[in-house]
Amino acid sequence: MEPRIQYASTTDGVSIAFWTLGEGMPFVYMPGNPTTSTQSARQMPDVRRWYDRLAAERMLVRYDPRGGGLSDREVTDLSFDGRLLDLEAVADCLSLGRFVVFAYGLAGPQAIAYAARNPERVAHLVLWCTSSQPSEVVDVARLNALLGLADVDWELCTETLASDIMGWPVGEEARRGAAYLRENATPELLKAGLEAM
């Protein structure tokens, strides 16, 4: 069964798309990049299996960040604190008391900040392939060079990001990952979102 898309409103008026799957302790899975689309990601077989396994013994909560996926795209505040409002809005909309915060990639610093600011709400903080510093997650100079390619060849940029930065294997999986990036972001949104993260 496909999860139903719902919407939460942040305190600064941004509409955040989210869904839940399963029952039990809430497990809030933070978006690791600014172009995440939980609906599109679920169409990829490997991601669907991953989500289904996570939801087998808990309530998995996935949301799209401001500017990405089904959340409001026309936003001006893509800042670190603005993205924390996204997490807070979803948790409040679902009336979550204590919950697990899971973060990977560039979401690590935000998850750490949320846990430090809201220890009464965070039952566990799970960090995977991340760090407290974005520069330790991704080579910033290399990423900036790739983002410069976005203005020249968007398709090549997304294919390179999918395989080189996001770690998708070369071939069909990388092409699917690149198509996912193109579907859920514009070159301008990707650059602004990554700079803000």
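The values are calculated or read from the model by the stated rules, or taken from the named source; none is laboratory data. Keep in mind that this is a model prediction, so the values were computed, not measured. Note: ideal-geometry Cβ built from the backbone for every residue, glycine included; neighbour counts use all protein chains shown. The protein model used for the area step is the full one, side chains on, heavy atoms only, and it has no ligands, DNA or RNA in it. Shrake-Rupley method; radii C 1.70, N 1.55, O 1.52, S 1.80 Å.
Return the residues of the range 1-34 that are within 11 Å of Ser71 (Cβ to Cβ) and open to solvent by less than 30 Å² (accessible area, probe 1.4 Å); say none if nothing qualifies. Within the range 1-34, Ala8, Thr10, Val14, Ile16, Ala17, Phe18, Pro31, Pro34 qualify. Per the conditions (1) under 21 Å from Ala123 (Cα atoms); (2) open to solvent by 10 Å² or more (accessible area, probe 1.4 Å); (3) of a type outside the set (A, V, I, L, M, F, W, C), the sole criterion not satisfied by Thr76 is (1). State whether one or more residues within the range 82-90 are surrounded by fewer than 17 Cβ atoms within 10 Å (Cβ to Cβ) and part of a helix (DSSP H, G or I). No: the range 82-90 contains no residue that is surrounded by fewer than 17 Cβ atoms within 10 Å (Cβ to Cβ) and part of a helix (DSSP H, G or I).
State all residues of the range 45-69 that are under 13 Å from Pro31 (Cα atoms) and assigned to a loop (DSSP other than H, G, I, E, B); if no residue qualifies, say none. Across the range 45-69, the qualifying residues are Asp64, Pro65, Arg66, Gly67, Gly68, Gly69. Considering the range 35-44, the residues that are out of contact with any Asp or Glu (no Cβ under 8 Å at 6 or more places or on another chain) and assigned to a loop (DSSP other than H, G, I, E, B) include one that is most open to solvent (accessible area, probe 1.4 Å), namely Gln43.
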